[in-house]
Amino acid sequence: MTDPSPPTPDSRPPEPALTPPPAQLDTSFARKPRVAANKSRRRDIPQGLWTKCPECGEMVFDKELEEQLKTCPHCQFHFPLCARKRIESLAKPGSFEEIDAHMTSVDTLEFTGTDSYAAKLEKHKSRTGLCDAVITGFCRMGAHRVALGVMDFNFLGGSMGSVVGEKITRLIEAATLQRIPLIIISSSGGARMYEGMFSLMQLAKTSAAIAYHGRSKSPYISVLTHPTTAGVMASYASLGDLIISEPKAMIGFAGPRVIKDTTQAELPKGFQTAEFLADRGLIDAIVPRRQMRERLTEYLDYLCAAPAAKKTA
Amino acid sequence: MKHLLDFEKPITDLQQKLAGLREQTAARQLDVDFDEDIRRMEAEIEKKKKEFYANLTPWQRVQLARHPKRPYSLDYIARSFTGFSELRGDRLYSDDRAIVAGFARLGDHRVMVVGTQKGRDTKENILRNFGCAHPEGYRKALRLMGLADRFNLPIITLIDTAGADPGIGAEERHIAKAIAVNLREMALFKVPIISMVIGEGGSGGAIGIGVSDRVLILENAYYSVISPEGCASILWKDRTAAPKAAAALKITARDLLELGLVDEVIEEPLGGAHNDHDGIAQSVRTALLRNLESLLKVDPELRVRQRYEKFRRMGKFNEGAAPGAPAAAAVSPAG
């Protein structure tokens, strides 16, 4: 279920590294002015911090990329965004209170593949600075207090093991008890293989928690980002009162390679993209990242009764 | 002999020898008395079998779980239940034959039974899609479980699937969402729900009808987050490493019982369920009845709460709270 490597053969590279200017002499100079045209910023940009957009091939200054929330200023391609940055982009500044920040995974099965699970965890912890693949907490968005969970694909492919399942469940339960809206930004290859059936059971655990949140009459907005597949898609990510996606995110249950191998058929154009699924009725709206905060706040304005009305109810 | 697994061979060889000996005695009416030899051989076979089947590797159990002669859902429905009356269709798109469902009686109890169904031969496997359900199958299951809930019929689900269908149509019609909705709704049903993994418990496709008050599993069945082959191809880039993966994933009935992820293991006849369909069906019936009767004694509200708490407890992690920090109060919204 879990493929820790990005699930598409044509999948996008991880977080852009600091790449030197390209080797091809002529083309790189020819393209440079388009970026440099933004004159006001030109002086502030240190030399050599470029990222090539995998979609349009343009070179983008990393600083500009950060300012644009990791979206390409030329073609709007959405690069992966780490969980911390995503929270910054959504929560009212300074309002985020993290919960269960130190919860870590345990190698219950003593799982050893090519590497031990324990070693993999250590590697991903030091590489990402995260304790596991999700950050949860409370924040303000507009007039609303929101329970917010944000997954991070960089940590073992955003896979859901006991920690992700437990943190998400606690977040949902807290939202239920406090009767506040819940927003979960998903990005995951699915259940975490290294925890075996404990991981599969997180599907049931999180979905059951969503069932009770639904009864509390507060809304749940599920936001899908590239990629959201398998076990996470087969649980809470599919259960939003609203299901929103970033453009061109890969979304599905089975991996495209598995589907291709099993069916021996040519996959339709755009198969398993947000746009494909929006056309087939799964997704309420595709919202570009830079409009996400505004749109989510707007949705909450519609879905959450005014505090005064709540009291009388 | 058809459908013989490698590791079954030494035992069937002995059995064949024994049969030959018996024939000879009968046919030739020799004076020589083979009775002693036959008895000794029988005892030896029995001993070998017991020894052997007690020590199967996880991979051997996976092979037994996939044995083409193993009883499938409809075999149990015919033997462990009575009066099955099939109900079909998801009322949205089609009737998925990879899932069978309908009214049936378990002892004196009227129940709703739902199961994934594999085919016995190629033709039936095409009809049943090898037991891999499409979204319509999960939606049919949900519709009929919802019906059972409204009319107070306990729900029994039989799980035997390599996984949900990994195809284009399944994705186009949102298989992941169909499973997710089942997980959510099964958590809320007021009637007792019992699931039994009778063969393969393939990941999301299995748990899609498996959120239950009691999860039972047959001795040689397996239940896994990913197929051993899938795991092997990710970890070792080699599907033939599946035996290693099967061991690492801890997917056998006994492992899962030890980990607290299933509630009960049902013993199979010696050599596996395929050797005695009637025998295993009787054990299944007894176990289902016993669990159903104990669940029926529990107040429905409490039963639903206990179901939530049962899954709520699953997971191992390190809290890692800073010293002195108050532990988060565990308050169940189901309470």
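The figures follow:
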{"read-out": "Total residues in region B:189-226, condition farther than 20 Å from B:Glu293 by Cα and either facing chain A (nearest Cβ under 7 Å) or surrounded by fewer than 24 Cβ atoms within 10 Å (Cβ to Cβ) (or both)", "value": "8"}
{"read-out": "Strands (runs of 3 or more DSSP E) enclosed by region A:117-231 - at least 2 residues per element that are more than 28 Å from A:Ala254 (Cα to Cα) and assigned by TED's automatic domain parsing to the domain that holds A:Ile243", "value": "A:134-141, A:144-151"}
{"read-out": "Some residue of region A:233-256 being free of Cβ contacts under 8 Å to residues at least 40 places away in the same chain and farther than 24 Å from A:Ile172 by Cα", "value": "yes"}
{"read-out": "The one condition in (1) part of a loop (DSSP other than H, G, I, E, B); (2) crowded, with 16+ Cβ neighbours inside 10 Å; (3) over 18 Å from the mean Cα position of the chain (by Cα) that A:Pro80 fails to fulfil", "value": "(3)"}
{"read-out": "Residue within region A:257-270 that is crowded, with 24+ Cβ neighbours inside 10 Å and on the phi < 0 side of the Ramachandran plot present", "value": "no"}
{"read-out": "Some residue of region B:68-91 being among the β-branched types (Val, Ile, Thr), more than 30 Å from B:Ala241 (Cα to Cα) and assigned to a strand (DSSP E or B)", "value": "yes"}
{"read-out": "In region B:178-188, residue surrounded by the most Cβ atoms within 10 Å (Cβ to Cβ) [restricted to those that are among the small types (Gly, Ala, Ser) and within 7 Å of another protein chain (Cβ to nearest Cβ)]", "value": "B:Ala180"}
{"read-out": "Single condition B:Asp160 does not satisfy, out of (1) farther than 22 Å from A:Gly231 by Cα; (2) touching a helix residue (DSSP H, G or I) at 6+ places or on another chain (Cβ under 7 Å); (3) more than 14 Å from chain A (Cβ to nearest Cβ); (4) not aromatic (Phe, Trp, Tyr)", "value": "(1)"}
{"read-out": "Every residue from region A:257-281 that is more than 20 Å from A:Ala234 (Cβ to Cβ) and either aromatic (Phe, Trp, Tyr) or in contact (Cβ under 8 Å) with a residue 12 or more places away in the chain (or both)", "value": "A:Glu275"}
{"read-out": "In region B:168-177, the residues that are more than 8 Å from chain A (Cβ to nearest Cβ) and within 26 Å of B:Val62 (Cβ to Cβ)", "value": "none"}
{"read-out": "Per-region count, region A:130-139, residues within 13 Å of chain B (Cβ to nearest Cβ) and among the β-branched types (Val, Ile, Thr)", "value": "2"}
{"read-out": "Only one of A:Lys92, A:Lys85 that is in contact (Cβ under 8 Å) with a residue 12 or more places away in the chain, among the basic types (Lys, Arg) and touching a strand residue (DSSP E or B) at 6+ places or on another chain (Cβ under 8 Å)", "value": "A:Lys92"}
{"read-out": "Any hit, region A:140-147, residues being within 11 Å of chain B (Cβ to nearest Cβ) and either within 20 Å of A:Gly214 (Cβ to Cβ) or at pLDDT 95 or above (or both)", "value": "no"}
{"read-out": "A:Lys63 outside the structural domain of A:Ile184 (by TED's automatic domain parsing), part of a helix (DSSP H, G or I) and surrounded by fewer than 15 Cβ atoms within 10 Å (Cβ to Cβ)", "value": "yes"}
{"read-out": "Residue ranges of helices (runs of 4 or more DSSP H) in region B:219-285 with at least 2 members in contact with a helix residue (DSSP H, G or I) (Cβ under 6 Å, 6 or more places away or on another chain) and of a type in the set (A, V, I, L, M, F, W, C)", "value": "B:228-235, B:242-248"}
{"read-out": "Whichever residue in region B:295-312 is without any contact (Cβ under 8 Å) to a residue 40 or more places away in the chain and within 23 Å of the chain's Cα centre (by Cα) and, among such residues, is nearest to the other protein chains (Cβ to nearest Cβ)", "value": "B:Arg312"}
{"read-out": "Subset of region A:158-169 [within 13 Å of another protein chain (Cβ to nearest Cβ) and in contact with a strand residue (DSSP E or B) (Cβ under 7 Å, 6 or more places away or on another chain)]", "value": "A:Ser159, A:Met160, A:Gly161, A:Ser162, A:Val163, A:Val164, A:Glu166, A:Lys167, A:Ile168"}
{"read-out": "Region A:95-129, residues that are farther than 29 Å from A:Met141 by Cβ, surrounded by fewer than 14 Cβ atoms within 10 Å (Cβ to Cβ) and either more than 10 Å from chain B (Cβ to nearest Cβ) or in contact (Cβ under 8 Å) with a residue 12 or more places away in the chain (or both)", "value": "A:Ala119, A:Glu122, A:Lys123, A:Ser126, A:Arg127"}
{"read-out": "Those residues of region B:163-176 which are surrounded by fewer than 24 Cβ atoms within 10 Å (Cβ to Cβ) and hydrophobic (A, V, I, L, M, F, W, C), in sequence order", "value": "B:Ile168"}
{"read-out": "Single match in A:Ala83, A:Ala147, A:Ala101, A:Ala91 (criterion: under 30 Å from A:Cys304 (Cβ atoms) and either touching a Phe, Trp or Tyr at 6+ places or on another chain (Cβ under 8 Å) or of a type in the set (Phe, Trp, Tyr) (or both))", "value": "A:Ala147"}
{"read-out": "Members of region A:70-102 that are among the aromatic types (Phe, Trp, Tyr) and closer than 25 Å to A:Lys125 by Cα", "value": "A:Phe79, A:Phe96"}
{"read-out": "Residue that is farthest from A:Lys205 (Cα to Cα) [pool: residues in region B:137-190 that are in contact with a Cys (Cβ under 9 Å, 6 or more places away or on another chain) and not in a helix (DSSP H, G or I)]", "value": "B:Gly167"}
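Per-residue answers, yes or no, for (1) at pLDDT 95 or above; (2) more than 7 Å from every other protein chain (Cβ to nearest Cβ):
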| site | (1), (2) |
| --- | --- |
| A:Ser187 | yes, yes |
| A:Glu195 | yes, yes |
| A:Met201 | yes, no |
| A:Ala204 | yes, no |
| A:Pro219 | yes, yes |
| A:Asp241 | yes, yes |
| A:Phe253 | yes, no |
| A:Val258 | no, no |
| A:Asp261 | no, yes |
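The values are calculated or read from the model by the stated rules, or taken from the named source; none is laboratory data. Computed from a predicted model, the values in this text were never measured in an experiment. Neighbour counts run over all protein chains shown; Cβ positions are idealised from the backbone, glycine included.
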